[in-house]
Amino acid sequence: MEICYVLDASAFINGFQFTSKRNFTVPEITAEIKDFESRLKFDAIVNEGLLTIQDVPSECLSCVHDIIYESGDILRLSFPDKKLIALAYMLSQQGENIKVITDDYTIQNTLKIMDIPYSGVITEGIKGIYNWKKVCEGCKKEFPEEYPFDDCEICGSKIFKKRIKVSK
Ligand SMILES: [Zn+2]
């Protein structure tokens with residue numbers, strides 16, 4: 001059976017590569033995809049018919065609540081997070097071969113408790129391979145990660161954080 005992916009907002013934001021036609025998410029997650037690039041990617045995938053946005057019945061949500069209530073994670077999960085986990089639970093109960101794609105540690109931890117397979121987009125890459133640097137939006141000057149200001153000292157533009165590959 002073709003694998004069925006359940007996607008958290010971080011899957012879009014961190015550039016998950018779509019390899020299956022069967023991708024699902026919940027309506028609440030779509031509101032979390034705000035930056036322009038991720039939004040474009042999201043819209044493109046919806047337009048290509050590769051993403052099913054599916055709501056979950058409240059029975060499913062309370063079922064998940066019951067399973068994870070004992071773990072402290074319940075307090076750290078947002079409503080969209082819980083909906084996403086409920087969707088994953090519902091699909092796996094229906095016998096689907098699912099995998100949740102998320103870089104959110106609390107969601108991953110909850111899925112581990114529930115015995116639902118998951119995978120991160122960038123989690124693997126972080127170990128010694130990637131690093132952050134700060135780059136000015138205006139003059140593109142690069143600053144060390146410790147640079148303490150949000151504005152560029154040269155041109156005053158905003159500084160953003162960028163992931164860089166430091167080794168192969
Ligand atoms: Zn600058």
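Each residue of region 135-144 was assigned a 3J(HN,Hα) from its phi angle through the Karplus expression (A = 6.51, B = -1.76, C = 1.60, θ = phi - 60°), giving 10, 6, 5, x, 8, 6, 5, 9, 10, x Hz with x at Gly and Pro.
Computed on the chain, with alpha-carbon pairs under 8 angstrom and 6+ residues apart, the relative contact order is 22 percent.
Taking packing as the residue-averaged number of other Cβ atoms within 10 angstrom, the listed peptides 59-69, 152-162 run from highest to lowest as 59-69, 152-162. Note on the chain: dipole from Cβ charges, positive end direction compared against Ile122, Trp132, Gln93; the farthest Cα belongs to Trp132.
Using a cut-off of 28 Å between Cα atoms, the listed pairs Lys41/Lys140; Lys34/Lys161; Lys34/Lys133; Lys21/Lys161 include Lys21/Lys161 as exceeding that distance. Taking the Cα centre of the chain as origin and assigning +1 to Lys and Arg Cβ atoms and -1 to Asp and Glu Cβ atoms, the resulting dipole is close to 720 debye. Sorting the segments 38-49, 104-115, 12-23 by their mean number of nearby beta carbons within 10 angstrom, highest to lowest, gives 104-115, 12-23, 38-49.
Laboratory data are not the source of any read-out in this text; all were calculated from the coordinates shown. None of these values were measured; they are calculated from a predicted model. Virtual Cβ from ideal backbone geometry, glycine too; neighbours counted across all protein chains shown.
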